[in-house]
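Below is one structure; the comments refer to it alone.
The values are calculated or read from the model by the stated rules, or taken from the named source; none is laboratory data. This one's a predicted model, so the numbers in the text were calculated from it and none came from an experiment. Cβ: placed from backbone, ideal geometry, glycine included. Neighbour counts: every protein chain shown.
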Amino acid sequence: MKRLLMIAFHFPPLAGSSGIQRTLRFARYLPDNGWEPIILSAHPRAYERTSDDQLQDMAPGLRVVRAQAWDTARHFAIGGRYIGALARPDRWLSWKYDAVRQGMRLIRELRPDAIWSTYPIATAHLIGLALHRRSGLPWVADFRDPMAQDGYPKDPATWHSFARIESQALTAATASTFTTPSALALYRQRYPQLVNSTHLLENGYDEETFSATSGQASGVLNPGRLTLLHSGIVYPSERDPRTLFAALEWLKQSDLETYAQLRIRFRAPVHDALLHELARHHGVEDAIEVFPAIPYREALAEMLQADALLILQAGNCNAQIPAKLYEYMRARRPMLALTDPAGDTGITCRNAGIDAIAPLDDRHAIAALLTRFYKNPNSGTHASEAAIINASRQGRTQELARILHAASNVSDKNA
């Protein structure tokens, strides 16, 4: 059994981020594929919200080391302001220093065979880079999504920090992974010399958790009405809901029968005030529900009870796929995707057999899709069984294990 040092900010008891699932499930299934994981994460004080509900999902005997870390915006601010350099590349830069120290201790004591670090907290790659350089161990940098993009991050200094880390990580890492075909293609175009060391490693769903949750799901969310559920954060730009609310207003004025039967539930959207304001502005308060976060298994059970599951993904995120998409597919409920049909989310839906797609910025297309769903809820809204089976976390972990074995072999040859 080989050992893998996994560097991940998103890990239980952090609450409210779907990013937890990637590391958590890899760590659970890697031992079945010849790798013993060791987790190097952050002290829970660095998390804005915590919950113990997913601690039970950690593999028995899993070693987790939590390095000292603080959130610059909460712990180092005076009068609500803080020094910008303390939050570049992100607000958890303080995590780096003790994590490198703890990581080197783990490398000396446990002698792992490889290092793995995962974005979207860029500091994780700074830690991975430092440990790779000091130890000489092969390093797999899990980028998930693109880092430095046109217009993101908006702050120029942060953008340059992202660009520097991106270049250093891709150049130094033995292998790098991305969650979508477009992200992979983008980086292969940026770094053509690294084509052979960049790989696709998509997100997925966990069958064990769904099977254990199915007994908790019974009944419907709103008897007598069709409830469309969006589970998770509604980003004002990347998942801009404004046109959806405009489409609901249009339905209320022109197709009251459809409007009266629909209710849209936002679960843990974070930007609650924005949603309430949009509902008031468009006069559709009676069609909207905004509810707080609930434990992960309860959130899955709610998906299983929904009449339909709703994806929001703006065109400025065409190279990204929401991780919840794969959980939606496994829930086997009707799914509507409000996204650019030409983006990776739209393409993934169509490849799975789902054609209930409308651009997130097209009011009339969204209204037409909602009407179509009301009249025929099962028309083009279900993923194929083949697509569901292909998206399991167990299968994704097998892919990761192959990448790790290949990286180890490359390192052995170069030693």
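The lone criterion from (1) modelled with pLDDT under 95; (2) in contact with a His (Cβ under 8 Å, 6 or more places away or on another chain) left unmet by Leu221 is number (2).
Condition check ((1) over 19 Å from Ser18 (Cα atoms); (2) in contact (Cβ under 8 Å) with a residue 40 or more places away in the chain; (3) in contact with a Leu (Cβ under 6 Å, 6 or more places away or on another chain)) across all residues:
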| residue | (1), (2), (3) |
| --- | --- |
| Val195 | yes, no, no |
| Phe210 | no, yes, no |
| Leu226 | yes, yes, yes |
| Leu229 | no, yes, yes |
| Glu238 | no, yes, no |
| Leu244 | yes, yes, no |
| Leu251 | yes, yes, no |
| Leu256 | yes, no, no |
| Arg263 | yes, yes, no |
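Picking from residues in segment 71-89 that are assigned to a loop (DSSP other than H, G, I, E, B) and in contact (Cβ under 8 Å) with a residue 40 or more places away in the chain, the one that is farthest from Ala124 (Cα to Cα) is Arg88.
Can you spot a residue in segment 385-400 that is surrounded by 15 or more Cβ atoms within 10 Å (Cβ to Cβ), among the acidic types (Asp, Glu) and under 29 Å from Met6 (Cβ atoms)? Yes, some residue in segment 385-400 is surrounded by 15 or more Cβ atoms within 10 Å (Cβ to Cβ), among the acidic types (Asp, Glu) and under 29 Å from Met6 (Cβ atoms).
Condition check ((1) within 20 Å of the chain's Cα centre (by Cα); (2) farther than 18 Å from Asp90 by Cα; (3) touching a residue at least 24 places away in the same chain (Cβ under 8 Å); (4) part of a loop (DSSP other than H, G, I, E, B)) across all residues:
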| site | (1), (2), (3), (4) |
| --- | --- |
| Leu137 | no, yes, yes, yes |
| Val140 | yes, yes, yes, no |
| Met147 | yes, no, yes, yes |
| Lys154 | no, no, no, yes |
| Ala157 | no, no, yes, no |
| Ser161 | no, no, yes, no |
| Arg164 | no, no, no, no |
| Leu170 | no, yes, yes, no |
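For the condition at pLDDT 95 or above and either outside the structural domain of Ala407 (by TED's automatic domain parsing) or within 30 Å of Ala77 (Cβ to Cβ) (or both), Thr123 qualifies.
Please specify each residue of segment 262-276 satisfying the condition of being under 18 Å from Ala358 (Cβ atoms) and outside any strand (DSSP E or B). None - no residue of segment 262-276 is under 18 Å from Ala358 (Cβ atoms) and outside any strand (DSSP E or B), so the list stays empty. Outside any helix (DSSP H, G or I), in the same structural domain as Glu302 (by TED's automatic domain parsing) and either within 21 Å of Pro181 (Cα to Cα) or not hydroxyl-bearing (Ser, Thr, Tyr) (or both): does that describe Ala368? It is false that Ala368 is outside any helix (DSSP H, G or I), in the same structural domain as Glu302 (by TED's automatic domain parsing) and either within 21 Å of Pro181 (Cα to Cα) or not hydroxyl-bearing (Ser, Thr, Tyr) (or both). A residue that is surrounded by 19 or more Cβ atoms within 10 Å (Cβ to Cβ) and within 26 Å of Asp272 (Cβ to Cβ) cannot be found anywhere in segment 172-193.
The single residue among Glu289, Glu249 that is assigned by TED's automatic domain parsing to the domain that holds Pro223, acidic (Asp, Glu) and over 22 Å from Tyr328 (Cα atoms) turns out to be Glu249. Of the candidates His271, His199, His230, the single residue that is under 26 Å from the mean Cα position of the chain (by Cα) and either aromatic (Phe, Trp, Tyr) or crowded, with 20+ Cβ neighbours inside 10 Å (or both) is His230. I'd like the full set of residues that are modelled with pLDDT under 95 and among the aliphatic types (A, V, I, L, M), limited to segment 66-106. Residues satisfying the conditions are Ala73, Ala77, Ile78, Ile83, Ala85, Leu86, Ala87.
With respect to Leu256, is the statement that it is in contact with a helix residue (DSSP H, G or I) (Cβ under 7 Å, 6 or more places away or on another chain) and assigned by TED's automatic domain parsing to the domain that holds Ala352 true? The answer is no for Leu256.
When we screen Ile347, Ile388 for residues that are among the hydrophobic types (A, V, I, L, M, F, W, C) and touching a Lys or Arg at 6+ places or on another chain (Cβ under 7 Å), the only hit is Ile388.
Applying a threshold of 6 Å to beta carbon distances and a minimum spacing of six or more residues, or different chains, the list of pairs starting in segment 53-70 at a residue that is in the same structural domain as Asn33 (by TED's automatic domain parsing) and ending at one that is among the basic types (Lys, Arg) reads Ala59/Arg28. Going by the structure shown, is Trp95 of a type in the set (Phe, Trp, Tyr), crowded, with 18+ Cβ neighbours inside 10 Å and over 26 Å from Val270 (Cβ atoms)? Criteria not met by Trp95. Between Gly103, Gly128, the distinction of being over 23 Å from the mean Cα position of the chain (by Cα), of a type outside the set (A, V, I, L, M, F, W, C) and outside any loop (DSSP other than H, G, I, E, B) belongs to Gly103 only.
Yes/no matrix, rows are residues, columns are (1) surrounded by fewer than 22 Cβ atoms within 10 Å (Cβ to Cβ); (2) under 22 Å from Thr180 (Cα atoms); (3) of a type in the set (D, E, K, R); (4) touching a His at 6+ places or on another chain (Cβ under 6 Å):
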{"residue": "Arg101", "(1), (2), (3), (4)": "yes, no, yes, no"}
{"residue": "Arg105", "(1), (2), (3), (4)": "yes, no, yes, no"}
{"residue": "Ala114", "(1), (2), (3), (4)": "no, no, no, no"}
{"residue": "Ile121", "(1), (2), (3), (4)": "no, yes, no, no"}
{"residue": "Arg134", "(1), (2), (3), (4)": "yes, no, yes, no"}
{"residue": "Asp145", "(1), (2), (3), (4)": "yes, yes, yes, no"}
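Among the residues of segment 19-42, those identified as of a type outside the set (D, E, K, R), surrounded by 15 or more Cβ atoms within 10 Å (Cβ to Cβ) and not in a helix (DSSP H, G or I) are Gly19, Trp35, Pro37, Ile38, Ile39, Leu40, Ser41, Ala42.
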